[in-house]
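Peer 1: This structure is in structure tokens; I'll ask about it shortly.
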Amino acid sequence: MAKILSDARFVLFLLVVIFLLHVFALLFHWYITVSWFDNGHHFLGGFWAASLYLYLAKAYPRCAGTGSSLLSILLATLAFAAFLGVAWEFYEFGFDLWTAARGIPFHAQPGLADTMSDLFFDLFGGGVLAVLYWSAVRRMNR
């Protein structure tokens, strides 16, 4: 399981799933009509970010090594998930400024509560993947 969670194909598969869900959500207005969709999507995004970090740490161990303790894996994956989550929120903020300047009444960030919720679920998804990965590594080493 640890190999799967940090495998390039898994990282790419998750990215494709997240992208397709985003496209369908835009087409069918799921961000508005399905109350939990945005939270679930950010959970998947954090899960993906942690998986990407573990892949990069495995592929480039001198640049981003990860220890074997739960704390080291959790801190590293959460930091990476937080970094990408904050970068995404800056993107949404910039997108909102761009649409507002053109008179387009669409807001990717309806307010501070949405941003904080998005970041929480990014971290939650990253944390879940970190615990799953750590648990799988621990079972392999028994």
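The values are calculated or read from the model by the stated rules, or taken from the named source; none is laboratory data. Note that the structure is predicted; figures quoted are calculated from it, not measured. Here the Cβ positions follow ideal geometry from the backbone for every residue, glycine too, while neighbour counts run over all protein chains shown.
Peer 1: For segment 35-50, which positions are more than 12 Å from S117 (Cα to Cα) and under 8 Å from the mean Cα position of the chain (by Cα)?
Peer 2: L44, G45, G46, F47, W48, A49, A50, listed by residue number.
Peer 1: Turning to a different aspect of this structure: Of all residues in segment 60-78 being in a helix (DSSP H, G or I) and without any contact (Cβ under 8 Å) to a residue 12 or more places away in the chain, which is nearest to L14 (Cα to Cα)?
Peer 2: The qualifying residue nearest to L14 (Cα to Cα) is L75.
Peer 1: Looking at segment 121-137, can you tell me whether even one residue there is over 17 Å from H41 (Cβ atoms), at pLDDT below 95 and in contact with a Lys or Arg (Cβ under 9 Å, 6 or more places away or on another chain)?
Peer 2: yes
Peer 1: Being under 22 Å from V137 (Cα atoms), surrounded by 15 or more Cβ atoms within 10 Å (Cβ to Cβ) and within 15 Å of the chain's Cα centre (by Cα) narrows it down to one of L14, L75, L84, so name that one.
Peer 2: The unique qualifying residue is L14.
Peer 1: Can I ask one more? Residues being β-branched (V, I, T), surrounded by fewer than 17 Cβ atoms within 10 Å (Cβ to Cβ) and touching a Ser or Thr at 6+ places or on another chain (Cβ under 8 Å): count how many of those fall in segment 90-142.
Peer 2: Of the residues in that region, 0 qualify.
Peer 1: As an exercise: evaluate K3 against (1) over 20 Å from T77 (Cα atoms); (2) at pLDDT below 95; (3) part of a helix (DSSP H, G or I) and give the number of the one condition it does not meet.
Peer 2: (1)
Peer 1: Quick check on my filter: what residues within segment 44-72 are hydrophobic (A, V, I, L, M, F, W, C), out of contact with any Ser or Thr (no Cβ under 8 Å at 6 or more places or on another chain) and surrounded by fewer than 21 Cβ atoms within 10 Å (Cβ to Cβ)?
Peer 2: Answer for segment 44-72, where residues must be hydrophobic (A, V, I, L, M, F, W, C), out of contact with any Ser or Thr (no Cβ under 8 Å at 6 or more places or on another chain) and surrounded by fewer than 21 Cβ atoms within 10 Å (Cβ to Cβ): L44, L56, A59, C63, A64, L70, L71.
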